[in-house]
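S.K.: Have a look at the structure that comes next, please.
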Amino acid sequence: MYPMACAALTTGNEPPRMGNDAFTGSPGSRFFDCTDGPLAVGANTPAMRARLAAALGLDAAAPDFGDALAAALRDRPRDQA
């Protein structure tokens, strides 16, 4: 959030709303829907993303990793994610 705050203070422009997306823009860091409710995931670093991908059988280097992650979690309860 620091870069957004600096930009707002420097330019006077209001930062865009992010919704549930992380400020980092990391595809592995946001809220994901599971069968029994939302799950907050914070896999920001390459190592975290690789471990998360391995646990779910996904390709951590895929350009659509965030979409693949959302699809993999959508059909699971949170305690099996």
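The values are calculated or read from the model by the stated rules, or taken from the named source; none is laboratory data. Here the structure is a predicted model, which means the values were calculated and not measured. Heads up, the Cβs are rebuilt from the backbone with ideal geometry, glycines too, and the neighbour counts pull from every protein chain shown. SASA here: full protein model, heavy atoms, side chains in, ligands and nucleic acids out. Shrake-Rupley method; radii C 1.70, N 1.55, O 1.52, S 1.80 Å.
S.K.: Can you tell me the FRET efficiency between residue 54 and residue 17 if r is taken as the Cβ-Cβ distance and R0 is 41 Å, rounded to the nearest 0.05?
M.R.: Values: r = 33 Å, r/R0 = 0.81.
With a Förster radius of 41 Å, E is 0.80.
S.K.: Among 53, 68, 34, which residue has its Cα positioned farthest towards the positive end of the charge dipole of the chain, with +1 placed on the Cβ of Lys and Arg, -1 on the Cβ of Asp and Glu, and the dipole taken about the Cα centre?
M.R.: Working it through, the farthest residue towards the positive pole turns out to be 53.
S.K.: Could you do me a favour and compute the accessible area per residue for the chain, 1.4 Å probe, result in Å²?
M.R.: That works out to 69 Å² per residue.
S.K.: What 222 nm value per residue comes from the helices of the chain, counting each DSSP H run with n ≥ 4 as -39,500 (n - 2.57) and dividing by all residues, nearest 500 deg cm²/dmol?
M.R.: Values: 3 runs with 31 residues, N = 81.
Value at 222 nm, helices only: -11500 deg cm²/dmol.
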